[in-house]
Amino acid sequence: QVQFVEAGGGLVQPGGSLRLSCVGSGYIFSIYGMGWYRQAPGEQRELVAGILVGGSTNYPDSVKGRFTISRDNAKNTVYLQMNSLKPEDTAVYYCNKWPVNFNYWGQGTQVTVSS
């Protein structure tokens, strides 16, 4: 069955950096686009970065220039490098197939940006 295991979250001060990773399994990772999403308390889940098979990327304005998505198909892994973090980036971060998601979501990894 499809599984996603996210890791790399934590507590970081404003302006700091984190690198998230997500390992996908149970499907052919290399032939699908992948995305990173986040969900803050009381908010809907939103896309923060997407990467297609060919390497094209997509970011919302809120993270453009600060977040970078990348993938390693040999490791079935997608990464999210987050720089210049802001308190409003605080959320649980998830990965999933993109742009069309699987119904299954992993447990996510908590990112907290606070001084």
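The values are calculated or read from the model by the stated rules, or taken from the named source; none is laboratory data. Bear in mind the structure is a predicted one, so any value in this text is a computation, not a measurement. Positions of Cβ are generated from backbone atoms using ideal geometry, with glycine treated the same way; all protein chains shown enter the neighbour counts. Ligands, DNA and RNA are excluded from the accessible area calculation, which covers all protein heavy atoms including side chains. Shrake-Rupley method; radii C 1.70, N 1.55, O 1.52, S 1.80 Å.
Side notes on the structure shown:
- Residue match in the stretch 54-65 (condition: at positive phi and without any contact (Cβ under 8 Å) to a residue 24 or more places away in the chain): yes
- Residue in the stretch 24-41 that is β-branched (Val, Ile, Thr), surrounded by 13 or more Cβ atoms within 10 Å (Cβ to Cβ) and within 24 Å of Gln3 (Cβ to Cβ) present: no
- In the stretch 26-52, the residues that are within 11 Å of the chain's Cα centre (by Cα) and without any contact (Cβ under 8 Å) to a residue 40 or more places away in the chain: Glu46, Ala49
- Selected residue (criterion: surrounded by the fewest Cβ atoms within 10 Å (Cβ to Cβ)) from residues of the stretch 8-23 that are under 11 Å from Val78 (Cα atoms) and of a type outside the set (Val, Ile, Thr): Arg19
- Among the residues of the stretch 81-108, those that are of a type in the set (Ser, Thr, Tyr) and either surrounded by 15 or more Cβ atoms within 10 Å (Cβ to Cβ) or under 16 Å from Glu46 (Cα atoms) (or both) comprise Thr90, Tyr93, Tyr94, Tyr104.
- If only residues of the stretch 53-80 that are open to solvent by less than 70 Å² (accessible area, probe 1.4 Å) and among the aliphatic types (A, V, I, L, M) are counted, the one that is farthest from the chain's Cα centre (by Cα) is Val63.
- Only a single criterion out of (1) of a type in the set (S, T, N, Q); (2) part of a loop (DSSP other than H, G, I, E, B); (3) at pLDDT below 95 is not satisfied by Ser30, namely (2).
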